[in-house]
Amino acid sequence: MVYPPGMSSSRSSLRIGAAIGIGYLIGTFPTASIVARRASGGTVDLRQAGTGNPGTANALGVLGAKAGAMVLVGDVGKGALACALGGVVGGPAGAQLAGTAAVAGHCYPVWNGFDGGKGVATSVGQCLATFPAYFPIDAAVAVATASSARWKQRAFAATAVASVCWFVGAVVWWRRGWPNLWGPAPSGYLPISAGLSTVMIMKRFLDAQS
């Protein structure tokens, strides 16, 4: 890794560590719980209702389109905000890793016994901020997964395929040095962060099916 002038490797590592911590905390923000409380007057807990998943699809099925849209926007926003702040604190590497940390925070929030959502929408925000060249495909997956419970198998298949494409695309962009619109210049951190987020998302889907 090339460090900015005047910045030692230890200082850079501390900044990246701080970016990861910030990203994780942002990811733990309970978007679905807050939306459900406001939409139902405190009578609905998405962890107990419907599929029990605190995410867009369950909010849509239990509380309707407006609540589902609010959860989707909020969770996408978490991923994008984590990357933006991670970039400020830790540079391009901090942006990439903070996005993955936000997905981890959403999937495994410390405040809820490490039992959270699937992380798809948060990864969409991560992709929007750090890999906008791939974002149209990632956004399509978010829409596909925001469906009723009867489409769960289809949502898993769509997410699995698109997640693999996300990782492969990240490798290709990094190796070829292709433009990345407003995102950080592709580096090895791009496929690393995409791969780690993909693993967590797939595990959450498999956990839900077991």
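Tell me, what HN-Hα J-couplings in whole Hz come from the Karplus equation 6.51 cos²θ - 1.76 cosθ + 1.60 at θ = phi - 60° for each residue of segment 182-198, using x for Gly and Pro?
Calculated HN-Hα couplings, in order: 8, x, x, 4, x, 9, x, 5, 5, x, 4, 5, 5, x, 5, 5, 4 Hz.
Taking only pairs that are 8 or more places apart or on different chains, how many Lys pairs in the chain have Cα atoms under 19 angstrom apart?
5
Give the average over all directions of the projected area of the C-alpha convex hull of the chain, one decimal, in nm².
Hull-based average projected area comes out at 11.2 nm².
Mind pulling the angle between the C-alpha long axis of helix 120-130 and the longest principal axis of the chain? Nearest 10 degrees, somewhere in 0 to 90.
Its long axis makes an angle of about 30 degrees.
How far, in degrees from 0 to 90, does helix 135-145 lean away from the longest principal axis of the Cα atoms of the chain, to the nearest 10?
20 degrees
What angle, in degrees between 0 and 90 and rounded to the nearest 10, separates the Cα long axis of helix 9-27 from the longest principal axis of the Cα atoms of the chain?
Once rounded, the angle reads 10 degrees.
What are the ³J(HN,Hα) values, in whole Hz, obtained from phi via the Karplus relation 6.51 cos²θ - 1.76 cosθ + 1.60 with θ = phi - 60°, for each residue of segment 95-112 in sequence order, with x given for Gly and Pro?
With coefficients 6.51, -1.76 and 1.60, one gets 5, 4, 6, 5, x, 5, 5, 5, 4, 4, x, 5, 6, 10, x, 4, 6, 10 Hz.
Read-outs throughout are calculated quantities, based only on the coordinates presented, and are distinct from any laboratory measurement. Everything quoted here is computed from the prediction, not taken from an experiment.
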